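Here the structure comes first, spelled out in structure tokens, and everything after it is commentary.
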Amino acid sequence: MNSFRQTAVGVFVLLGLICVGYLAIKLGQMQVFNSNGFELSANFTSVSGLRVGADVEMAGVPVGRVVDISLDPDPLRENAVVRILLDRDLQLSDDSIASIMTSGLIGDKYVSLSRGGSDVILKSGDTITETEPSVDLGTLIGKYAFGGV
């Protein structure tokens, strides 16, 4: 009888640990088992507030995530290079636009994609050339408050 209780408690604890692990992966937006997709990059003049793991959305629907943010290796340009991983079935033309947008009151940043009209489709490893950096609300408020607008 005592052995049965110990086994039942052990199974219960094991199931609890599996559930906690699953939730940690899902809530942390980690992708352990499914990383299908293709990668594009985009050059922005400013990526202030954007973080690795941020959503990439099209028409409000999540279609990918930010996987890396780095400085442009070209010393003549002061750009940030953002690499994004997109769903495999998504097709973007070479004149699509990538914008950094703000969501919510806290100001979380995400990348918003808008389709272009070209017939040339971007392939994995290509670069989105049309980009719009995020609006710096602090600078805008400062200009408005002190009469710079």
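The values are calculated or read from the model by the stated rules, or taken from the named source; none is laboratory data. From a predicted model like this one, the values you see are computed outputs, not experimental measurements. Note that each Cβ is placed from the backbone with ideal geometry, even for glycine, and that neighbours are counted across all protein chains shown.
Quick one: which of 38, 12, 4 is within 29 Å of residue 121 (Cα to Cα) and either at pLDDT below 90 or among the hydrophobic types (A, V, I, L, M, F, W, C) (or both)?
Just a single option satisfies the conditions, and that option is 38.
Based on this model, can you work out whether residue 88 counts as basic (Lys, Arg) and either in a strand (DSSP E or B) or closer than 21 Å to residue 47 by Cβ (or both)?
No, not satisfied.
I'd like to know if the range 63-73 contains one or more residues that are farther than 13 Å from residue 43 by Cβ and either modelled with pLDDT under 90 or more than 17 Å from the chain's Cα centre (by Cα) (or both).
no
For the range 50-71, give me the residue count where each residue is part of a strand (DSSP E or B), among the aliphatic types (A, V, I, L, M), over 17 Å from residue 114 (Cβ atoms) and without any contact (Cβ under 8 Å) to a residue 24 or more places away in the chain.
Total meeting the criteria: 2.
Please go through (1) part of a helix (DSSP H, G or I); (2) at pLDDT 85 or above for residue 21 and return the number of the only condition it doesn't satisfy.
Among (1) part of a helix (DSSP H, G or I); (2) at pLDDT 85 or above, residue 21 violates only (2).
What single numbered condition from (1) crowded, with 16+ Cβ neighbours inside 10 Å; (2) in a loop (DSSP other than H, G, I, E, B) fails to hold for residue 36?
Unmet condition: (1).
Picking from 81, 47, which residue would you name as being among the β-branched types (Val, Ile, Thr) and either outside any strand (DSSP E or B) or not assigned by TED's automatic domain parsing to the domain that holds residue 131 (or both)?
47
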